[in-house]
Structures are given as structure tokens and as C-alpha cells.
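Notes follow once the structure below has been shown.
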Amino acid sequence: MPAPGHDLRPRVEALLDVAGEARSVLVCTHDNPDPDAIASGFALGELLRVRTGATYTLAHGGVLGRAENRAMVRALKIPLVPFARLDVDDLDAFDAVGLVDTQPGHGNHRVTREVVAGRRLLCIDHHPARTYEGTLAPDYADVGGDYGSTSTMLTCYLEAADVSFDPAVATALFYGIKSDTRDLGREVGDVDVWAYQHLVAHTDMGVVSQIEHPRLPRGYFAALSSAVRKARVFDDVVVCDLGSVYVPDLVAETADWLLLAEGIRWSIVIGEHQNDVFCSIRVHDRRFSAGKLVREVVAAWPTGSAGGHGSMAGARVALDPGMPATGRAKLRRRLLIELARAAGVPQGARPRPFAIDVGAVAPE
Ligand SMILES: [Mn+2]
């Protein structure tokens, strides 16, 4: 039974019309993929495999960073590979390309004009629709709508396509919805609740628990401790420049952590990985939009791209590979200041340390 008000059978037909003859499909997530991107890419690949007999390769740009995401891929045996591992012959062999949880005009993925090279392009994404002016136009696009996650959309597609829910696919989609909507607590609509409940019967909850509580590399604790030391507070805004990070996801993860602190409304974290500066913005107040803030600030940065929505957003600014460390540090500082100003930190405000040492005093 399709989701009430979301019978996607006509969309499935349109998707299969466009993808129908492809024998081998490259499905891409955005760079540094999150669970929603991984799950929806996996589900799109499986939908095409089951319905058309095509084979698929699921690839991501950037780094598979968070321990949870690595645990997800491992536990569910998701055939996710780094895009960088595909060579020219591999890329030549595909006859269609899929893109999930992002769109062609967005700078956070590997699906360039050269990669598509005239092949059919399919795009499914819950983020607001972008214009395709001056970029690739997908042959099949389902973007925007009232979905809290791309995994919600793919759950509706599988249901409408009469593809039975394999436990690994169902568990991936369940976790994709759960993490993108923060346990159905954030930017969630009826259709997300429907999909979540629908997947429960097919989901391996033991595996979900295993994914959510992974063993962590010891370097993670060092990074966390350094983040706590580096973070500064201006009234209800916490900012943190992590410097160089071993995986880009650490920036987002730190922003999530710092937002948990009492009295904090905005959390703004920045870090550098290879030749990019990453920033993550979180806001704990529905009257503000992190997405709007980051887009307004980063629009003025020529090599920047930004994305996100109400409570969480991120951006990336590409660096000139020849830029020296001091120049990079200055650039991070300037970007951090601009973001903090946009979040309401007045010029000349005095920073305070983030962590307060309560010593041996036990809470009352
Ligand atoms: Mn998403």
C-alpha cells in the first residue's frame, strides 16, 4: 500500500522509462556521504537491479568519515566504493548515472559533465530544487517536496515499484530516515512517519543499534578533546576552528556536539581537509535558518558552495593547493568571523572558553 498522498507509481514508470535500457548504472552520493545519501543510493541501485536487471556501482566522493557510517556500510554489506577508485574504463562502461541526496548544480559531488558525457542522468533529492541553468539537466529529476529525507522518497519508490524490502535495504533506509530527521524530531512530515513505520517490520533493529553505537578510533577522542579546548563562546554562539581534520565529517560532528551544550543557540565549526575548508552550522531555534545564513555568507566566496536547511547546514570553500598554512589559517578565521557576525555576534565581542571546569563538585 503506497503512502497516503504519495503514490509514486507514475514516477516509478517515468524513472524506468528513462533508465530502462541501461545495463550498467553508476549511482553517486554526495561527497563525504551521510546515512541518508548512502541508503538512498543503495535503494536506487537495488530498485534498478530488481526492476530492469541492470548492474550498478554505488560510489561516493570525499571520505566515508563517521564511525557510524562505516559501521552502516560494513554491517549491511552496502557495495559502496570511493569514486576515486573508478578508472576510465570503469567510467566508460556505465550507460546511465544516478545522483541522490544532492543535485547537479551543487558543488558537492563527482557527477560532472565529463562523467555524465551524454548518458542518461537520474536525480532524486529531498533538498529544495535548484535551477539547472548553466549546469547539467537531469533526464529524470524528482527533487524537493515535503520529504524529511531522500530515504523517505526511496521508500515510497520501492513500495510503488513493488520491490520487496530486502532486510539490508530496509535497515539502511530506516537508519537514513532516523538520522536525517533525528529520530523523527526534526523537519519531519507525515510521509516520513509513514515510511519509518512501514520499514520497521523489515528492519534489523539489532543492526541499527550496532550502527548507532560503533567502536570509535582513539584519534576521535583526541579530536574531540582538542575541539573542546579550541571552542569559544560569544553569548549563545559557540565557534570553533579545528584546523586540519583527519576526516571532513569531524567538522559536522563537532558542530552537533557543541550544540548540545546548555545556553547555546548557534554552533559554528570550521576545519580544513586537504584542499578544502569545511564549515558546519547548527541552530537550536526554529526562528532561525542555518541554511539561509550559510548561503548568504558563502555566496560572496568565489570558490564556496553551501547547502542545508533550517537547523543544520554546511559549506565548503576550495583552497588553492599552493596556499601556505598561514594563509589558510587566516582564511578560516575570516570565514569564521563572517559566519559568527551573521549569527549575531557583535563586532569586538569578547570570547569566553567553551568548557567550564566544575572540578570535583558533584551536581546537586
Ligand atoms: Mn538528506
Before we move on, is Arg70 surrounded by fewer than 19 Cβ atoms within 10 Å (Cβ to Cβ), within 24 Å of Val208 (Cα to Cα), away from the ligand (no atom under 16 Å from the Cβ) and at pLDDT 95 or above? yes
Within 16 Å of His126 (Cβ to Cβ), more than 16 Å from the ligand (Cβ to nearest atom) and modelled with pLDDT of 95 or more: does that describe Arg11? yes
Residue count, segment 131-155 (criterion: surrounded by fewer than 24 Cβ atoms within 10 Å (Cβ to Cβ), under 20 Å from Leu58 (Cα atoms) and hydroxyl-bearing (Ser, Thr, Tyr)): 1
Give all pairs with beta carbons closer than 8 Å in which a residue from segment 217-229 that is within 17 Å of Val269 (Cβ to Cβ) meets a residue that is surrounded by 11 or more Cβ atoms within 10 Å (Cβ to Cβ) and hydroxyl-bearing (Ser, Thr, Tyr); count only pairs at least 6 apart in sequence or on separate chains. Ala223/Tyr246; Ala223/Thr254; Leu224/Thr254; Ala227/Thr254
So, of the residues in segment 137-160 that are part of a loop (DSSP other than H, G, I, E, B) and under 16 Å from Val25 (Cβ atoms), which turns out to be nearest to the ligand (Cβ to nearest atom)? Pro138
Among Glu272, Glu253, which is the only one that is in the same structural domain as Arg286 (by TED's automatic domain parsing) and either of a type in the set (Val, Ile, Thr) or at pLDDT below 95 (or both)? Glu253
Restricting the first residue to segment 176-187 and requiring it to be in contact (Cβ under 8 Å) with a residue 40 or more places away in the chain and small (Gly, Ala, Ser), which pairs with a second residue that is near the ligand (Cβ under 9 Å from one of its atoms) and assigned to a loop (DSSP other than H, G, I, E, B) meet a Cβ separation below 8 Å and a spacing of at least six or different chains? Gly176/Ser149; Ser179/Asp34
Hits in segment 161-175 - residues which are more than 15 Å from the ligand (Cβ to nearest atom), touching a residue at least 24 places away in the same chain (Cβ under 8 Å) and either out of contact with any Asp or Glu (no Cβ under 8 Å at 6 or more places or on another chain) or part of a helix (DSSP H, G or I) (or both): Ala161, Phe165, Pro167, Ala168, Val169, Ala170, Thr171
Given the condition within 25 Å of Gly176 (Cα to Cα) and at pLDDT 95 or above, answer yes or no: does some residue in segment 88-96 qualify? yes
Sole miss for Glu187 among (1) at pLDDT below 95; (2) within 16 Å of the ligand (Cβ to nearest atom); (3) on the phi < 0 side of the Ramachandran plot is condition (3)
State all residues of segment 15-57 that are closer than 17 Å to Lys77 by Cβ and more than 16 Å from the ligand (Cβ to nearest atom); if no residue qualifies, say none. Gly45, Glu46, Arg49, Val50, Thr55, Tyr56, Thr57
Scan segment 156-190 for residues that are in contact with a His (Cβ under 6 Å, 6 or more places away or on another chain) and surrounded by 22 or more Cβ atoms within 10 Å (Cβ to Cβ) and jot them down. Cys156, Ala170
Could you pull out every one of the strands (runs of 3 or more DSSP E) wholly within segment 223-323 that has 3 or more residues that are more than 22 Å from Pro128 (Cβ to Cβ)? 232-234, 237-244, 266-273
Being surrounded by 15 or more Cβ atoms within 10 Å (Cβ to Cβ), among the hydrophobic types (A, V, I, L, M, F, W, C) and closer than 20 Å to Asp34 by Cα is the filter here; which residues of segment 88-130 pass it? Val97, Leu99, Val100, Val111, Leu122, Cys123, Ile124
For segment 112-136: of the residues being at pLDDT 95 or above, in contact with a Ser or Thr (Cβ under 9 Å, 6 or more places away or on another chain) and hydrophobic (A, V, I, L, M, F, W, C), which is farthest from the ligand (Cβ to nearest atom)? Cys123
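The values are calculated or read from the model by the stated rules, or taken from the named source; none is laboratory data. Computed from a prediction, not measured in an experiment: that's the story for all the values here. In this analysis, Cβ positions are derived from the backbone assuming ideal geometry, glycine residues included, and neighbour counts consider all displayed protein chains.
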